[in-house]
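Throughout, read-outs are computed from the coordinates displayed, never taken from laboratory work. Computed from a predicted model, the values in this text were never measured in an experiment.
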Amino acid sequence: VQLQACGGGLVHAGGSLRLSCAASGRTLSVYGLGWFRQAPGKEREFVSAINWMGDDTLYEDSVKGRFTISRDYAKNTVYLQMNSLKPEDTAVYYCAADHRTGWGSTTPLTYDYWGQGTLVTVSS
């Protein structure tokens with residue numbers, strides 16, 4: 001599975017972005033999918049995840065109510081809609097696919113495949 005993330009960019013605080021992560025090589029229909037982020041000088045941290053059925057989601061506390069994860073089975077793509085962005089959301093965002101459990105999780109080691117990352121910069 002190859003994951004290609006896109007949609008990052010520069011936005012003012014309070015603005016919105018939608019990240020996309022498209023897969024090739026295999027259908028994602030039985031994969032849990034997740035988004036992580038890594039800010040400069042910090043460890044990679046969990047942002048959000050969605051299970052293979054698309055009916056269960058997880059969010060890191062700081063993004064609850066602002067970010068929404070979704071998936072499109074026909075397009076083999078997972079999305080992260082980010083609203084009310086804050087400067088502290090600035091990071092490289094990575095998508096990931098979990099085949100072993102299909103549920104996604106907050107733990108990076110759960111995931112089998114990773115995208116290359118897309119940079120989100122939020123100015124104050």
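Overview of results
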{"read-out": "Distance between the stretch 95-109 and the stretch 1-70 - C-alpha centres, whole angstrom", "value": "12 Å"}
{"read-out": "Whole-percent pair-distance distribution, where bins are 10 Å wide, for the alpha carbons of the stretch 40-124", "value": "16, 52, 28, 4"}
{"read-out": "Semi-axes of the equivalent ellipsoid for the stretch 2-92, Cα gyration tensor, largest first, Å", "value": "22, 14, 13"}
{"read-out": "Using θ = phi - 60° and Karplus 6.51 cos²θ - 1.76 cosθ + 1.60, couplings along the stretch 11-19 (whole Hz; Gly, Pro as x)", "value": "9, 6, 4, x, x, 10, 9, 10, 8"}
